[in-house]
Amino acid sequence: MSRPARPRRRRDAARTVAYHVLRAVTADGAYANLELARQRSRLSAADAAFETELVAGTCRAMGTYDRVIERASGRRLGTLQPAVLDVLRLGTHQLLAMRVPAHAALATSVDLAALEVGERVAGLVNAVLRRVAAHDDQAWLDLLGADEDELGRLALTRSHPRWIVEAWSRVLPAAELDAALAANNVAPVPTLVVRPGLADVAELDGVPARWSPYGAHREGDPGAVPAVAEGRAGVQDEGSQLVALALARAEAPEGPWLDLCAGPGGKSALLAGLARQDGTRLVAAELQEHRARLVADNLRAYPEPNRPVTIVADGTRPAWVEGSFARVLADVPCTGLGALRRRPESRWRRQPSDLPGLTALQRSLLATAITSVRPDGVVAYVTCSPHPDETSAVVADAEGVTVLDAPALLPEVPDAAAGPFVQLWPHRHGTDAMFLALLRRDPIG
Ligand SMILES: C[S@@+](CC[C@H](N)C(=O)[O-])C[C@H]1O[C@@H](n2cnc3c(N)ncnc32)[C@H](O)[C@@H]1O
C-alpha cells in the first residue's frame, strides 16, 4: 500500500522570523522590540516591516487573541503546546487585524506549524484557524464581550488586562478611558533630545517636540543623526524630558544635583546639561553596574567644568552624607505601565502581584531622596506609570516634606494637572504616561 504523499511545505521568511521572535518573547521572557531589532537583519525591508507589525500587533493583543483561540479550539489554552499556541496567535492577528487574505493566513500558518513544530500539528492549526476565520474582529469582540461588564468589554476591545483597565479607571474620567487604552496600541514616533549646551534642536533633523525645548520627533535610525552618534543628543520620550525640566525649573538652593536611580541615563543626560548651565554638577547613581555603564555612556560628551559623575550605589543605603544635594530626582523602578506603547508585550507580562514589592522599594527610595536633599531642597518623585498605588499613594506616605504645585512649573502643557501632581498621558499629550510629584524638604527640627 502506498503512503499518502507528504504535503509540500513552503517557508515564508517574514513569518518564520516573526515566529522565532514571538517564541523568544513568550518562552524566554525576551523583549519584543530588542528581539525584533536583533533578528530583523535576516529580512528584506518589506519583509521586516511585515514582521514588525505581525510581532508587535500579536504581542499587544495577545490576551484577546488567546480568548479567541480558546473559544475557536474548544480547548483550554494550557492544553495547547506553547509553540502551537504562538503559531495560532500569529495566524489570528493576520486574520483579524492585518487584512491578510484568509487563504494566505491559513496556508502560511499551517506550513509554519508543520515546519517548525511538526507535521502532526498541521491539522489542528488548520482547524482552529478556520474557525477563527469564520468571524471578523468585531464579531469576535461581540461574541466574547456578550457576558462582560463595561470595563471587561473595554479590556477585550482595546486588548488590555482587566486589572490595568481598572487602575486607569481610578485616575481618568470615564469618558477618556477608551481613548487612553487605544493610544497604548499605537507605536510612537521616536523622540530625540539634545544634551543642553552641547547640541541644538535643529541638529536633530526632526519635527520640534510640542513643549520640550530640547526635543524633536524623527522617524528612522537615531544613530544616523551625527549629534546622537557623538553623544551630544539621545533618544528620550518627551514626557521624560518634561519631568526633568520641571525639576530644573523649581526654586531650590544652590548645590549639586543627584539622580538617585539613573540607569540607563536618559534623564541624567538632560539634567546634567541643565545643572551645568546652573553652574553645578549632577551625580548619577545606579544600583546595577551594567546599567551604570549605560549612564556613563549617555553622559560621555559632557566636558569639564562640572562634568557629571556616575557612581554605582544602592539608593536605599546612601553612600553620601545626608543633605548633600540641592535637587534630587527619584525616577524609581516601577511597572512601566506608562510606556505600553513602546513595549508591546509588557501589559501581559506585568501582574498585580508585582506591585507590593515595587511600592515598598519606591517608598524606601523616596525616603532616601528626601534625606539626601538639604532643607529647602527639592525632590522630584517620578514614575513611568499612572497606577495610583505607585504614584499618589507612595507620595502620601512621604514625611518631612511639603508638596509643591508641580503643574505650575510646566504651564505650557495643558491638562497635565492631577491635583498638585503632573500626570501626562499618551492620548492627551502624545507622551508616555509619566507621573511627577515635586516635594520640598521641610526645615529639620
Ligand atoms: C525607572 S529606571 C530609571 C530610568 C532613568 N532615570 C532614565 O531616565 O533613563 C529605575 C532605575 O533604578 C535602578 N534601581 C533599582 N533599585 C535601585 C536602588 N536601590 N538604588 C539605585 N538604583 C536602583 C534600576 O536598576 C533602574 O535602572
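Note on ASP397, ASP28: ascending count of other Cβ atoms within 10 Å places them as ASP28, ASP397, the fewest first.
The radius of gyration of the Cα set in region 237-441, together with its Dmax, comes out at 15.7, 46 angstrom.
The alpha-carbon atoms of the chain, seen along their principal axes, cover 92, 47, 37 angstrom, with the largest extent given first. Counting every other Cβ atom within 10 Å of each residue's Cβ, GLU390, GLU230 order from fewest to most as GLU230, GLU390. In a simple Cβ point-charge model (Lys, Arg +1; Asp, Glu -1; nothing else charged), region 2-138 has a dipole of about 480 debye relative to its Cα centre. On a 0 to 90 degree scale, rounded to 10, what angle separates helix 266-277 from the longest Cα axis of the chain? Helix 266-277 and the main axis of the chain meet at about 20 degrees.
Loop-located trypsin sites (Lys or Arg not before Pro) across region 53-137 with a Cβ neighbour count of 16 or fewer within 10 Å are ARG75, ARG76, ARG99, with loop assigned by DSSP.
Taking every DSSP beta bridge that has both ends in the chain, the antiparallel portion is near 55%. Working from Cα positions, state the angle (0 to 90°, nearest 10) between the long axis of helix 355-372 and the longest principal axis of the chain. Rounded to the nearest ten degrees, it is 20.
Going by neighbour counts of Cβ atoms within 10 Å, the residues ASP111, ASP47, ASP415 line up, fewest first, as ASP415, ASP47, ASP111. Relative intensity of region 29-97 on a log10 scale, I(q)/I(0) at q = 0.18, 0.20, 0.23, 0.26 Å⁻¹, equals -0.71, -0.84, -1.02, -1.17, per a Debye sum over C-alpha point scatterers of equal strength in the absence of solvent.
In a reduced charge model with +1 at each Lys and Arg Cβ and -1 at each Asp and Glu Cβ, the chain shows a dipole moment near 1800 debye about its Cα centre.
Coordinate-derived values only; no laboratory data. All figures in this text were calculated on a predicted structure; none of them were measured in a lab. No Cβ is skipped: glycine too gets one built from the backbone with ideal geometry, and neighbour counts run over all protein chains shown.
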